[in-house]
Structure formats: C-alpha cells, structure tokens
Amino acid sequence: MLLHPDLRYECPQTREYIDGAGGYLDMFRTWPGNWTAKVSTLICDQDQGVSIIDFLVGDEKVVGISIFEFSAGLISKVTDFWPEAYDPPARATPHFKRRPK
C-alpha cells in the first residue's frame, strides 16, 4: 500500500476533504461516469510530489494538478486543484465532507 492510513485529501475549490486512506480509495471506486486518467507530468522527491493529470470523461478533457506529501515513505496528504471552476458532482461515497463558505 502506498497510502498512509491517516491520509488527508483536500480539494480547496469545492471545500471538500476526506480523512483516511479508505475514504480516498472509495472516492475513486464510486466516482460517477466513465473516466480515465493519464499522467502528463510527475515531479517528486522523498518529501513531496506534484502531478498534472489529464482526465478524460467521455470526450471532455479536464486537467487536474495534485500536490502529494509523504510521511514514512507513504502518501499522507493529497491536495487537488482544478484550473477550471466547477460544482462538485453528487457523491456516492459518504467519506466526503464540505466546509462552509
């Protein structure tokens, strides 16, 4: 497993977050629609990493930028940024929480 059990996932644009590796994995298992991901850039060292990923949802391409923090050799925090503003889709996983405005 590459994920720290206490992983924290943050999505600042939508104010959503997930606590725990299990919830983070469940987000991907329950993501709506048919989608694929292709990493276009990945830069990292032993403490942190940054990726730029092209997500394809049908014919639409969405770019995501992720910042990873590592602890004890495991991914302990992921912060996702989406260059285009959007409203989050309905979530099938109960692990998402949302901060007030």
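Any read-out appearing in this document is the output of simple, stated calculations on the displayed coordinates, not a laboratory observation. None of these values were measured; they are calculated from a predicted model. Positions of Cβ are generated from backbone atoms using ideal geometry, with glycine treated the same way; all protein chains shown enter the neighbour counts.
Worth a mention:
- Calculated volume of the Cα convex hull per residue in Å³ (choose from [x] 90; [y] 82; [z] 108), label: [z]
- Dipole magnitude of the chain about its Cα centre (Cβ charges: Lys, Arg +1; Asp, Glu -1), debye to nearest 20: 340
- Each stretch of four or more DSSP H residues adds -39500 (n - 2.57); spread over every residue of the chain, this sum gives -2500 deg cm²/dmol at 222 nm.
- DSSP beta bridges confined to the chain are antiparallel in about 90 percent of cases.
- Excluding same-chain neighbours fewer than eight residues apart, the lysines reachable from K101 by a Cα-Cα span under 25 Å are K77.
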